[in-house]
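The values are calculated or read from the model by the stated rules, or taken from the named source; none is laboratory data. Here the structure is a predicted model, which is why all the values come from computation and not from measurement. Counting neighbours? That spans all protein chains shown, and the Cβs are built from the backbone with ideal geometry, glycine included. SASA here: full protein model, heavy atoms, side chains in, ligands and nucleic acids out. Shrake-Rupley method; radii C 1.70, N 1.55, O 1.52, S 1.80 Å.
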Amino acid sequence: MNQTCNPTTPAMSGEFDNPGLLQRLREEPAPPWTARDGIFLAAAVIVGLILVEWGLWGGLNLGFSIGYALLLIWTAAYRGASGLQMKPFALFCGAASLAAAGLFAWSADYLLSFMWLGMIALLYCIFTASLYGLEPGDGLYRITDALACIVPAPFRNLHRPFQSIAATGRTRGGRVARQVALGLALAVPVLAIVLPLLIGSDAAFEGLARSLVGSLGDAPVQIILGLIAAVLIFSLGFALRKGLVPARKHATAARDGVLGATAALTLLSALILVYAAYLLSQLAYFFSAFSGILPEGYVFTAAEYARRGFFELCAVCAVNLLVVCIVARLTRRAGDGRAPAAVRALCGAVCIFCLIFAATALSKMALYVRRFGLTRLRLLTTAFMLLIVFTLVCVLVQLFARRMPCVQAVLIFACVLGLVLGYAEPDALVARYNVQRYNAGTLETIDVDYLDSLSAAAVPQLIGLLDCPDETVRTAAAAALDRKLDFYLTEELHRIPDSSLRSYNHRLATVQALLHANAERIGEILAEAAH
């Protein structure tokens, strides 16, 4: 009989040994605890409390910008300057993340600000990984390695600071600290029993307790969340400083692809034939010899040409960019460790076709904007197309210039483009463009209701329409501003808890001042329209 299947057979020594968590923690070597660690632990508590109290409770305004700046300074200071060697790209990521955090104090465009939260987190991971010597790999690995090293580190090493403190607690001073902590821990359940009894026994003490609880407000929740943030922040810094986060390793030799050159060439050739046919069909708009391609009865107008196909062309460019990257990556390598020359050539041809499509799409959008004005969607989609065009150019160059830092270049361009848009404020650009063109007479009508749907950045342009000679536009602008008055001078003040430094927002402060200064004039225009 098989011994392992017989429940009566005694287990062999070590057969079912599985040490518990506490035993593994005891056996795990504790990193040394120093006075520097204690100082930065206290600093991490301050940073965590500021991020929660100023950042979250301040409405994600200037308080968040200050909190993130303190976090970045804490991260760099805990590392120290000893043996520091930072690459320019990592320094750019740190500076760009700080500039992006400033958007929360500058702009009231909360949708874009929340989108920037993800970018700030990514830039912080890249900066921190390089700061602590966890050099990420090349290309896309530069991003994935930084995320893989930094994101799980505070959770995997959550116990390490406590383990180090416990090991240090074996000294005389440590034993005293442990006894104090034990006494406080024992006091909590005792006070939980005694305090309700004391409150029920005396009205004066009950009133004192109620006043204290009422004055605390959200402070207990803020303190708890701030301490949680502080533990995560310090666990990350502690693990990085003590060398507990290993750098990711990558094989230097190029991996063999899973896609044969023939299959790759067939796929790319099919795409190129379809794209050539598409470009040939475009001649129907401009040459009578090709007019039979258009549907019967089709009337060619600039508006119809501009309206149709922009978003489809954007999608085609994005899909083909993904196809080119995958094919170049998965095709079996030649002797030089790169994709075969024919595959790279056809990938380059696909990129060129995509650049032509992108130019066509951008020309369509420019024509559409000239005819009908600018909107937020048109502006942001155009910005996305510019990013696609830049990425296509970088990929095209990298196909033939191996040392081209494509990923870094694209990330830098995306950050710069996003920061320019963020500080220029898309809604302000849209409103200014439409109002200026309407006042100049190059735009026949202006959609005041659409301007009303934009964020606070459009308010200055709406105020400018109060001088419009067209009574209909002037009245519509006054009605829109009256709604803004109700929101930004009443509802928005309720949303932001106070007017302190933590809740300051440049755009909101400017708009509230403008609305307050023009409130009487807005009322006069509405009263005149009512009569």
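Would you mind getting me the FRET efficiency between F114 and D202? Use the beta-carbon distance for r and R0 = 45 Å, nearest 0.05. Provide the component values of the computation, followed by the final result.
Numbers: r = 49 Å, r/R0 = 1.10.
That gives a FRET efficiency of 0.35.
Rounded to two decimal places and with Rh computed the Kirkwood way over Cα pairs, what is Rg over Rh for the range 412-531? Walk me through the intermediate numbers first.
Values: Rg = 15.7 Å, Rh = 15.5 Å.
Using Cα coordinates only, the ratio equals 1.02.
Scaling the Cα radius of gyration of the range 306-422 by the globular reference 2.2 N^0.38 Å produces a ratio of 1.18. For the pair D218 and F311, the difference between a 0.36 nm per residue extended length and the Cα-Cα distance amounts to 28.8 nm. Using R0 = 25 Å, the C-beta based FRET efficiency linking A318 and R156 works out to 0.10.
The 3J(HN,Hα) values that the Karplus relation (6.51, -1.76, 1.60; θ = phi - 60°) gives for the range 121-129 are, in residue order, 4, 5, 5, 5, 5, 5, 4, 5, 4 Hz. Gly and Pro appear as x.
Counting only heavy atoms of protein chains, what accessible area per residue, in Å², does the range 383-531 have with a probe of 1.4 Å?
Values: 7430 Å² over 149 residues.
Heavy-atom accessible area per residue stands at 50 Å².
Leaving out ligands, DNA and RNA, what percent of the accessible area of the range 386-489 is carbon and sulfur, probe 1.4 Å?
On the way: 2810 of 4670 Å².
Result for the range 386-489: 60 percent of the exposed heavy-atom area is carbon or sulfur.
R332 exposes around 130 Å² of accessible area when a 1.4 Å probe is run over every protein chain in place.
If each residue of separation counts as 0.36 nm, what is the full-extension length gain between I412 and T144 once their alpha-carbon separation is subtracted? Don't jump to the answer; show the numbers that get you there.
Numbers: separation 268, 0.36 × 268 = 96.48 nm, distance 1.62 nm.
Gain on stretching I412 to T144: 94.9 nm.
L131: net charge of surrounding residues, Cβ under 15 Å, Lys/Arg +1, Asp/Glu -1, itself excluded?
Values: positive: R79, K87, R142, R241, K242; negative: E135, D145.
Net local charge, L131 excluded: +3.
With the cut-off at 1.5 for a/c, could you classify the range 360-434 from its C-alpha gyration tensor as rounded, prolate or oblate? It comes out oblate by the Cα gyration axes. On the range 95-142, 78 percent of the accessible area sits on carbon and sulfur atoms, based on a 1.4 Å probe.
Full extension of the chain segment joining T445 with S82 gains 124.3 nm, where the gain is 0.36 nm per residue of separation less the Cα-Cα distance.
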